[in-house]
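A.B. asks: Quick one: the structure is below, questions incoming.
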Amino acid sequence: MSRASAASSKTKVATKAPRQGTEPAAAPRHDPAGAGSPVKGPGRSRAARKAAAVNASAVRQADPFYARELAQYEHPLPSREYVLQVLAERGVPLSFADLVAALDVAPHELDFFDRRLRAMERDGQIIRNRRDAYLLPSKVDLIKGRVEGHPDGFGFLRRDDGEPDIFLGPKEMRELLHGDRVIVRIAGQDRRGRPEGKLVEVLERANKRVVGRVINEHGVMIVVPENRRLAQDILVAPGGRKKPEAGQIVTVELVEQPTKFAQPIGRIVEVLGNYADPGMEIEIALRKHDLPFEFSSEAKAQTRKLPDVVRKKDWAGREDLTKLPLVTIDGETAKDFDDAVYCERQGKGYRLIVAIADVSHYVDAASALDKDAFDRGNSVYFPRRVIPMLPEKLSNGLCSLNPQVERLAMVADMNISATGEIKNYRFYRAVIWSHARLTYNKVAAALYDKDPAVRAELAALLPHLENLDTLFRVLLKARAKRGAIDFETTETRMIFDDNGKIAQIVPEVRNDAHRLIEECMLAANVCASDFLASREHPALYRVHDSPSEDKLAKLREFLKEFGLGLGGGEEPRASDFAKLLEQVKDRPDAQLLQTVMLRSLKQAMYSPDNVGHFGLAYESYTHFTSPIRRYPDLLIHRGIKAALAGEQYRPGDWEQIGLHCSMTERRADDATRDVVAFLKCYFMQDRVGEEFTGSVSAVVPFGLFVALDDIFIEGLLHISDLGSDYFHYDEMRHALMGERSGKQFRLSDRVKVQLVRVDMATNKIDFRLIEGPLPVEVKTPVTPADVVPVAVGGEAGKRVRKPRAKKGEAASAPAIEMSVVAAETVEPKVRSKRAKKPATEPVVEAAPVQVGEAQPAVTDPAAPKSRTTRAKKVAPRPEPEQVPEAAAVPPAGEPKPRSARAKKTAVTPIVEAPVTVAAVVAPAPRKSRASKAAAEPAAAPVAAPASPEPVAPKPRKTRAKKAVAEPAAAPAAEALESAPPTAAPARRAARKTTTKGTDRG
């Protein structure tokens, strides 16, 4: 006997009860209260609602959400919020009978009320204790959240309240799987000081079906999940109809969830095939990430009823733009065309028309097509395959703005000033005729490469394209004035062979035609957002919040090492980031700085709360331009149509819809990343043992991730392969620091690695360090114009110095001195920055050394000694590098040449050029201006080998230099003081492999 039956044992209902506020198994999407109640049924009259309100008791009418329940149900129940309120006011656990009495639930409502309580219990709003009484989780220090598993067997609870995660040990995780919703109690702390939880109750099981690989161990068949966060293997129940072979990929349906004493048990329901079959990586990703890839039968039936072309009745209430030369500009492989553009001069300004496919005309709210589109959230673009949000008849046909056919569109018609300001705009429904399907490359060839053949082909459209380009330049200036952040990234494209595997990976060139369309789409999106906000219509905004205080503090500490700062104080604006990017763009370490800045920003998401878009520097922004492939854009179209009609569109809980759409966007990215990782591993598995050069794209406590040049593939360089030292992770500096050697590896450092392992099961690539960090590449070589000659003659020993750079100026071309004697030149020799202690070995010219390595200085034993400079710490000297053939070693008895000034980039080994002179007169010593200056070894001028008796120069006092703690600089490339070695500017760590191209806003 159920609790409801026990509570109503004296009351029997012989007839079927009228429709009540029952709770379904899963909360529907369009539920304004988020309480899981079904939508209002047909036949609900005003008189019936009035009668129900009269008959309701005072207790029931005290429900703060009584009106909402009354509008949805013929016989409303106490709302979820009212149940929670009563439990909180009573302050003690209440049994079912107590709640029935407190809420004045009628006998015929008991079964329905019991269902509501069970739904609340399932959602974690209330829990039952051992005495079968209901209580609030917050009153007993219980915490709700979702489990995030780890491949090593432990996990974490992502709390619903946003507080720090709770550690779940292997013992607790034995009963759980990744994604389960649970209630836990904090039982103490783990060995790292993190709060550790103990499982109280499982609210919801997230895994019904799992994709994995079959393994047969001693006659027992198990399935190893492809999702490594599911750390438990699944036992296959005997007697199933499917008989897969070991190693095949299958889908297993769980019939028993894991318990404290048993593993999960499943039944094989689908055999996908062998692991290396073409397209298998996509089939795995679809099931691993629970991506809907088949449309429901209802949606298919609805699609079949749709027409193939625009009908005459569809023209009603629409403007005719078929004569306007609108064109679509997309990628080479695109098939779904969301947008068409047109631009004309209008006085001193411009008229920009952006026509967007009118998907909402064919996809009605709450229809089967709409439900499937909501579940998918967006189209997913895999290499060689697309999982569309809408059936192909719509996405590639009826809705797509294909050329030379009539199509329905929602139009944003904008007037833009000569300074890029949108003066006014209007939205309206229209019928358009796309005059051409253009590609980015073709438009770039016509506008920027001035290709005569392409220009002749597009002669009729060329004036309008040139207007678009002129407006694009205006919008770019407005973007810069606005202060939008513009990070540079490298996108890649995969070229496949006949077997569906990667044959080549090439960079995707992003030309100005891409940016032209992007600026047009941004303008339309801003107008859509302003249109809804000005009418106070609810909408789903694309929001990008400002960086958190913690990340800003870390970014500023990192920038201090480079002598840089981020403006804006405690609340920097996008313009402050843009100014900093402009300041560092020509530095050799620009990629390092850009990557760290990018990682300090938050991730954009969808939300009904309009907090603006930080990165684009917009106060209000939404997505309007891609309703074929993004569900939020479809909602915005419906909202604009409702606002034009003076109504309001109410799809349900906007916040929950925003969270769902943000989740589907991340889900699609994760699935695409898995497929690309598999294809890259397959591409690299035959190249084990080869050596590559690349850049450090990420620094983590267990090693470095290295992105290889040219093939754009990333792998792990484990910390154990960095050398014989203890390396410590410095999160602030994005570096691994050697404890003994002081060697460091930083983000964007250049390294040379060897491929040692490719694991197809886990899609992981491992490298071994061959050499690194590599020297900094020289951006511009030293030219003769940088050389300042030194006059020798008349006034012997006097030199003409090149003016020193002011403090704070970049030392990209250090001063180089050159002696000129009788029209013959001596190769320039760089002068040392810091004084060195006198050595006793002969001078040896060394080859260029790596960044940060000191070059030994040796002198002739017979060379005259001079007073030393102020003492400085000198690092242990490495063994001298191999001397190039061109280097000359002066014989004993010859004076020591001047030491070279330290440069920050490696240069070609310097060769001493002998000159013919009789003798060299030593310069008279000069007095130093410093009070405590000590003399350094005087650098003797170059002496010719033919000179029989060179005269040793007299020592002269030098200006005292500021003592520092670093080792003495060598006459070769060195690190930027205590800053990290810089990376080659040509490499970019932030890469995104895509088949669709840049997201247009």
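A.B. asks: Looking at VAL751, VAL758, VAL699 in this structure, which one is more than 20 Å from the chain's Cα centre (by Cα), under 25 Å from PHE562 (Cα atoms) and of a type in the set (Val, Ile, Thr)? Explain how you work it out, then say what you get.
C.D. replies: Numbers: VAL758 fails: under 25 Å from PHE562 (Cα atoms); VAL699 fails: more than 20 Å from the chain's Cα centre (by Cα).
Of VAL751, VAL758, VAL699, the one residue that is more than 20 Å from the chain's Cα centre (by Cα), under 25 Å from PHE562 (Cα atoms) and of a type in the set (Val, Ile, Thr) is VAL751.
A.B. asks: Can you work out which of the residues in the range 144-166 that are modelled with pLDDT of 90 or more and crowded, with 19+ Cβ neighbours inside 10 Å is nearest to ASP98 (Cα to Cα)?
C.D. replies: Checked the range 144-166; the qualifying residue nearest to ASP98 (Cα to Cα) is GLY145.
A.B. asks: Of ASP766, ASP759, ASP725, which residue is in contact (Cβ under 8 Å) with a residue 12 or more places away in the chain and either out of contact with any strand residue (DSSP E or B) (no Cβ under 8 Å at 6 or more places or on another chain) or farther than 24 Å from ILE495 by Cα (or both)?
C.D. replies: Working: ASP766 fails: either out of contact with any strand residue (DSSP E or B) (no Cβ under 8 Å at 6 or more places or on another chain) or farther than 24 Å from ILE495 by Cα (or both); ASP759 fails: either out of contact with any strand residue (DSSP E or B) (no Cβ under 8 Å at 6 or more places or on another chain) or farther than 24 Å from ILE495 by Cα (or both).
Among ASP766, ASP759, ASP725, only ASP725 is in contact (Cβ under 8 Å) with a residue 12 or more places away in the chain and either out of contact with any strand residue (DSSP E or B) (no Cβ under 8 Å at 6 or more places or on another chain) or farther than 24 Å from ILE495 by Cα (or both).
A.B. asks: I've got another one for you. Out of the residues in the range 264-300 that are of a type in the set (S, T, N, Q) and more than 23 Å from PRO244 (Cα to Cα), which is surrounded by the fewest Cβ atoms within 10 Å (Cβ to Cβ)?
C.D. replies: Keep residues of the range 264-300 that are of a type in the set (S, T, N, Q), which gives 274, 296-297.
When the remaining residues are screened for being more than 23 Å from PRO244 (Cα to Cα), the result is 296-297.
Numbers: SER296: 14, SER297: 9.
It comes out as SER297.
A.B. asks: Assess whether ASP152 counts as being in a loop (DSSP other than H, G, I, E, B), touching a residue at least 24 places away in the same chain (Cβ under 8 Å) and over 45 Å from the mean Cα position of the chain (by Cα). Even if it seems obvious, please write down each step before you answer.
C.D. replies: On the way: in a loop (DSSP other than H, G, I, E, B): yes; touching a residue at least 24 places away in the same chain (Cβ under 8 Å): yes; over 45 Å from the mean Cα position of the chain (by Cα): no.
So ASP152 fails the test.
A.B. asks: So, one more: Just to confirm my filter: which helices (runs of 4 or more DSSP H) fall fully inside the range 10-104 and include at least 1 residues that are modelled with pLDDT under 85 and acidic (Asp, Glu)?
C.D. replies: So the answer is 66-72.
A.B. asks: While we're here: Restricting to the range 713-734, and then to whatever is farther than 14 Å from PHE767 by Cα and crowded, with 21+ Cβ neighbours inside 10 Å, can you tell me which residue is nearest to the chain's Cα centre (by Cα)? Reasoning before the result, please.
C.D. replies: At the first step, the residues of the range 713-734 found to be farther than 14 Å from PHE767 by Cα are 724-734.
If we keep only those that are crowded, with 21+ Cβ neighbours inside 10 Å too, we end up with 727, 734.
Values: PHE727: 27, HIS734: 17 Å.
Within the range 713-734, the match that is nearest to the chain's Cα centre (by Cα) is HIS734.
A.B. asks: Taking LEU516, is it among the hydrophobic types (A, V, I, L, M, F, W, C) and assigned to a loop (DSSP other than H, G, I, E, B)?
C.D. replies: no
A.B. asks: Anything in the range 635-648 that is farther than 21 Å from MET605 by Cα and in contact (Cβ under 8 Å) with a residue 12 or more places away in the chain? List them, or say none.
C.D. replies: Going residue by residue through the range 635-648, those that are farther than 21 Å from MET605 by Cα are 641-648.
Matches in the range 635-648: LYS641, ALA642, ALA643, LEU644, GLN648.
A.B. asks: Please state which one of ARG174, ARG158, ARG146 is in contact (Cβ under 8 Å) with a residue 12 or more places away in the chain, touching an Asp or Glu at 6+ places or on another chain (Cβ under 6 Å) and not assigned by TED's automatic domain parsing to the domain that holds ARG115. Full working, then the answer.
C.D. replies: Numbers: ARG174 fails: touching an Asp or Glu at 6+ places or on another chain (Cβ under 6 Å); ARG146 fails: touching an Asp or Glu at 6+ places or on another chain (Cβ under 6 Å).
Of ARG174, ARG158, ARG146, the one residue that is in contact (Cβ under 8 Å) with a residue 12 or more places away in the chain, touching an Asp or Glu at 6+ places or on another chain (Cβ under 6 Å) and not assigned by TED's automatic domain parsing to the domain that holds ARG115 is ARG158.
A.B. asks: Further question: Kindly indicate the residue of the range 705-741 that is assigned to a loop (DSSP other than H, G, I, E, B) and touching a Ser or Thr at 6+ places or on another chain (Cβ under 6 Å) and also modelled with the lowest pLDDT among those meeting that condition.
C.D. replies: PHE712
For (1) on the phi > 0 side of the Ramachandran plot; (2) surrounded by 19 or more Cβ atoms within 10 Å (Cβ to Cβ); (3) in the same structural domain as LYS323 (by TED's automatic domain parsing); (4) among the hydroxyl-bearing types (Ser, Thr, Tyr), each residue gets a yes or a no:
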site	(1), (2), (3), (4)
PRO391	no, yes, yes, no
ASN402	no, no, yes, no
ASP413	no, yes, yes, no
SER417	no, no, yes, yes
ARG426	no, no, yes, no
LEU465	no, yes, yes, no
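A.B. asks: Pick out the one residue from ALA456, ALA484, ALA460, ALA430 that is among the aliphatic types (A, V, I, L, M) and either outside the structural domain of GLN656 (by TED's automatic domain parsing) or in contact with a Cys (Cβ under 9 Å, 6 or more places away or on another chain) (or both).
C.D. replies: Details: ALA456 fails: either outside the structural domain of GLN656 (by TED's automatic domain parsing) or in contact with a Cys (Cβ under 9 Å, 6 or more places away or on another chain) (or both); ALA460 fails: either outside the structural domain of GLN656 (by TED's automatic domain parsing) or in contact with a Cys (Cβ under 9 Å, 6 or more places away or on another chain) (or both); ALA430 fails: either outside the structural domain of GLN656 (by TED's automatic domain parsing) or in contact with a Cys (Cβ under 9 Å, 6 or more places away or on another chain) (or both).
On inspection, the qualifying residue turns out to be ALA484.
Residue-by-condition table, conditions (1) within 24 Å of the chain's Cα centre (by Cα); (2) under 25 Å from PHE427 (Cβ atoms); (3) modelled with pLDDT under 95:
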{"site": "GLU491", "(1), (2), (3)": "yes, no, yes"}
{"site": "PHE496", "(1), (2), (3)": "no, no, yes"}
{"site": "LYS501", "(1), (2), (3)": "no, no, yes"}
{"site": "ILE505", "(1), (2), (3)": "yes, no, yes"}
{"site": "ASN511", "(1), (2), (3)": "yes, no, yes"}
{"site": "ALA528", "(1), (2), (3)": "no, yes, no"}
{"site": "SER546", "(1), (2), (3)": "yes, no, yes"}
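A.B. asks: Right, ALA299: over 21 Å from CYS661 (Cβ atoms) and of a type in the set (Gly, Ala, Ser) or not? Spell out the reasoning first.
C.D. replies: Values: over 21 Å from CYS661 (Cβ atoms): no; of a type in the set (Gly, Ala, Ser): yes.
Against the criterion (over 21 Å from CYS661 (Cβ atoms) and of a type in the set (Gly, Ala, Ser)), ALA299 does not qualify.
A.B. asks: Sticking with this one: List the strands (runs of 3 or more DSSP E) that sit entirely inside the range 182-240 and contain at least 2 residues that are without any contact (Cβ under 8 Å) to a residue 24 or more places away in the chain and closer than 30 Å to ASN274 by Cα.
C.D. replies: Details: elements: 195-204, 209-217, 220-225, 234-236.
Here the list reads 220-225.
A.B. asks: Which condition does PHE295 not pass, out of (1) assigned by TED's automatic domain parsing to the domain that holds VAL386; (2) within 19 Å of ILE387 (Cα to Cα); (3) in contact with a Pro (Cβ under 9 Å, 6 or more places away or on another chain); (4) not small (Gly, Ala, Ser), if it passes all the others?
C.D. replies: For PHE295, the failing item is (1).
A.B. asks: If you go through the range 157-168 one residue at a time, do you hit one that is closer than 22 Å to LYS260 by Cβ, charged (D, E, K, R) and either over 47 Å from the mean Cα position of the chain (by Cα) or outside any loop (DSSP other than H, G, I, E, B) (or both)? Explain how you work it out, then say what you get.
C.D. replies: Filtering the range 157-168 down to residues closer than 22 Å to LYS260 by Cβ leaves 157, 166-168.
From the residues that got through so far, the ones that are charged (D, E, K, R) too are none.
The answer is no; no qualifying residue exists.
A.B. asks: Mind listing just one residue for me: the one in the range 321-344 that is in a loop (DSSP other than H, G, I, E, B) and charged (D, E, K, R) and, of those, nearest to VAL443 (Cα to Cα)? If you could, list the steps in order and put the result at the bottom.
C.D. replies: Let us first name the residues in the range 321-344 that are in a loop (DSSP other than H, G, I, E, B), namely 322-326, 331-338.
With the extra rule that they be charged (D, E, K, R), the set shrinks to 323, 332, 335-336, 338.
Details: LYS323: 21, GLU332: 12, LYS335: 18, ASP336: 19, ASP338: 18 Å.
Ranking the qualifying residues of the range 321-344, first place goes to GLU332.
The values are calculated or read from the model by the stated rules, or taken from the named source; none is laboratory data. Here the structure is a predicted model, which means the values were calculated and not measured. Backbone-built Cβ (ideal geometry, glycine too); neighbour counts: all protein chains shown.
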